[in-house]
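**Student:** Okay, handing you the structure first.
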């Protein structure tokens with residue numbers, strides 16, 4: 001990976017999924033939680049309390065602001081807005097690489113695709129190419145490590161070969177799904 005290339009080594013948290021939904025417009029915590037579960041529920045397992053905790057953290061960090069909406073005979077509702085800082089963090093994250101971990105690819109890359117398709121569909125092809133290159137780099141690195149292992153390192157070799165096989169499957173998966181995102185005239 002190039003030194004100046006952004007790379008988000010996240011905690012694999014649905015934080016950017018919530019921030020990304022607010023990038024599209026203000027919303028309420030409950031609705032954001034429902035939207036993540038409806039659209040990305042197989043990517044992120046997000047409880048309502050976890051969503052509110054993340055939103056609170058985003059507010060403390062200055063990525064979102066909260067506007068209280070008064071209601072008659074009910075507690076005020078909180079309308080969440082993304083801040084310029086939050087927008088920039090989200091945009092930076094969208095262009096970052098997910099790295100070579102199959103888990104990060106499954107969670108972060110798929111989430112990036114969701115938002116790229118929603119907001120910047122013209123950038124989808126680049127995202128696939130970037131992830132493919134990153135995955136190929138990791139495969140080559142893992143193969144080199146495996147080749148340099150002493151013969152008696154059976155368990156390390158087993159682990160490395162499994163990781164290589166998983167990443168080779170990721171390359172096939174990238175090819176399969178990139179076709180899905182191509183305009184119908186290109187298919």
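**Student:** For segment 42-56, how many residues are surrounded by 14 or more Cβ atoms within 10 Å (Cβ to Cβ) and either in a strand (DSSP E or B) or without any contact (Cβ under 8 Å) to a residue 60 or more places away in the chain (or both)?
**Tutor:** So in segment 42-56, the residues surrounded by 14 or more Cβ atoms within 10 Å (Cβ to Cβ) come out as 43-44, 46, 50-52, 54-55.
This time we only want the ones that are either in a strand (DSSP E or B) or without any contact (Cβ under 8 Å) to a residue 60 or more places away in the chain (or both), so: 46, 50-52, 54-55.
Counting residues in segment 42-56 that are surrounded by 14 or more Cβ atoms within 10 Å (Cβ to Cβ) and either in a strand (DSSP E or B) or without any contact (Cβ under 8 Å) to a residue 60 or more places away in the chain (or both) gives 6.
**Student:** Looking only at segment 14-33, count every residue that is within 19 Å of residue 113 (Cα to Cα) and surrounded by fewer than 14 Cβ atoms within 10 Å (Cβ to Cβ) and tell me the total.
**Tutor:** 2
**Student:** Between residues in segment 128-150 that are within 25 Å of residue 94 (Cβ to Cβ) and residues that are surrounded by fewer than 18 Cβ atoms within 10 Å (Cβ to Cβ) and modelled with pLDDT under 95, which pairs lie under 6 Å by C-beta distance while being six or more apart or on different chains?
**Tutor:** 128/178
The values are calculated or read from the model by the stated rules, or taken from the named source; none is laboratory data. Computed from a predicted model, the values in this text were never measured in an experiment. Glycine also receives a Cβ, built like all others from the backbone with ideal geometry; neighbour counts cover every protein chain displayed.
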